[in-house]
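Scroll down for the structure; my scribbles are underneath it.
The values are calculated or read from the model by the stated rules, or taken from the named source; none is laboratory data. This is a predicted model, so every value here is computed, not measured. Note that we place each Cβ from the backbone using ideal geometry, even for glycine, and neighbour counts take in every protein chain shown.
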Amino acid sequence: MQGLAQRKGRYGCTRCGLVMVTKASACGEGCDLHYLASKKEARRFRDLWTMQQAGAIKGLRLQPAYSLVVNGIKVGSYRADFRYTDTETGEAVVEDVKSRGSDDGLSKLKRNLVRAIHGVDIKIIGVTR
């Protein structure tokens, strides 16, 4: 795997909401950085962080992982982009930011497995169907 400095995404801090290009420009002590794979994902992170500060959502988590186990055999894993709770409805929301080309068959299969195994519907952001 290539070093993080060569990746083209962004980094988002869940403590202050700052989005930065490199880890070196971290916001300071206690910085909680997470890799964001695209500009679109970075924009969505910033929107969600702002919504959390306003009280519309709570418990924003980045890159929640779901283990895909069928009949006791681990067949894979799925990592969504965001998970949070809508404060108005109390509903847990899981989101994945996709561009038109990145929503392939494997991604759809894994989302269906997450729904079947964990009962979690993943909301796709950014792709018009």
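Check LYS98, LYS23 and return the single one that is within 16 Å of ILE125 (Cα to Cα) and either of a type outside the set (Ser, Thr, Tyr) or at pLDDT below 85 (or both).
LYS98
Which one of these does TYR66 not meet: (1) farther than 19 Å from GLY119 by Cα; (2) modelled with pLDDT of 95 or more?
Every condition holds for TYR66 apart from (1).
Out of region 93-129, which residues are touching a residue at least 24 places away in the same chain (Cβ under 8 Å) and of a type in the set (A, V, I, L, M)?
Correct list: VAL93, VAL94, VAL97, LEU113, VAL114, ILE117, VAL120, ILE122, ILE124, ILE125, VAL127.
Please find, within region 69-92, the residue that is farthest from the chain's Cα centre (by Cα) out of those that are over 14 Å from HIS118 (Cβ atoms) and β-branched (Val, Ile, Thr).
If we take residues in region 69-92 being over 14 Å from HIS118 (Cβ atoms) and β-branched (Val, Ile, Thr), then ILE73 is farthest from the chain's Cα centre (by Cα).
With the requirement that a residue be farther than 16 Å from ALA65 by Cβ and among the polar types (S, T, N, Q), what does region 100-116 give you?
Of everything in region 100-116, those that are farther than 16 Å from ALA65 by Cβ and among the polar types (S, T, N, Q) turn out to be SER102, ASN112.
Need a quick list: strands (runs of 3 or more DSSP E) entirely within region 56-114 having at least 2 residues that are surrounded by 16 or more Cβ atoms within 10 Å (Cβ to Cβ).
Strands (runs of 3 or more DSSP E) meeting the threshold: 57-62, 65-70, 82-86, 92-97.
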